[in-house]
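The values are calculated or read from the model by the stated rules, or taken from the named source; none is laboratory data. In this text, all values refer to a predicted model and were calculated from it rather than measured experimentally. Positions of Cβ are backbone-derived with ideal geometry, glycine not excepted, and every protein chain shown enters the neighbour counts. Remember, those area values only see protein heavy atoms, side chains included, never the ligands or the DNA or RNA. Shrake-Rupley method; radii C 1.70, N 1.55, O 1.52, S 1.80 Å.
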Amino acid sequence: MFKYEIDDSSYLSLLEIKDAEKLYNLINSNRDHISEWLKFPSITVEADDSKTFIERTRISQGRRLLVRNMEYG
């Protein structure tokens, strides 16, 4: 798992399937605010939507890495 520590209490990491419920809860509790700028809260109606997003994002990232490695060895 990629993890970049910003300070003692903050870090960035790639989303994992186990994060789907937390991600959904964050979106749901901030839905009105987030929706002012972004469209995805309107199509994120259950935790499985967040799970699907994470799965698709990880597959896409993996494909990009594979292609990059094939191109640049």
Take the range 52-73 and flag every residue that is among the β-branched types (Val, Ile, Thr) and touching a residue at least 40 places away in the same chain (Cβ under 8 Å).
Thr57
Qualifying positions in the range 18-73 - aliphatic (A, V, I, L, M), farther than 22 Å from Met1 by Cα and in contact with a helix residue (DSSP H, G or I) (Cβ under 6 Å, 6 or more places away or on another chain):
Ile27, Ile34
In the range 33-51, residue most open to solvent (accessible area, probe 1.4 Å) [restricted to those that are closer than 22 Å to Gln61 by Cβ and free of Cβ contacts under 8 Å to residues at least 24 places away in the same chain]
Lys39
Residues of the range 1-32 satisfying the condition of being loosely packed, with under 10 Cβ neighbours inside 10 Å and more than 17 Å from Arg58 (Cα to Cα)
Tyr4, Ile6, Asp7, Asp8, Ser9, Ser10, Asp32
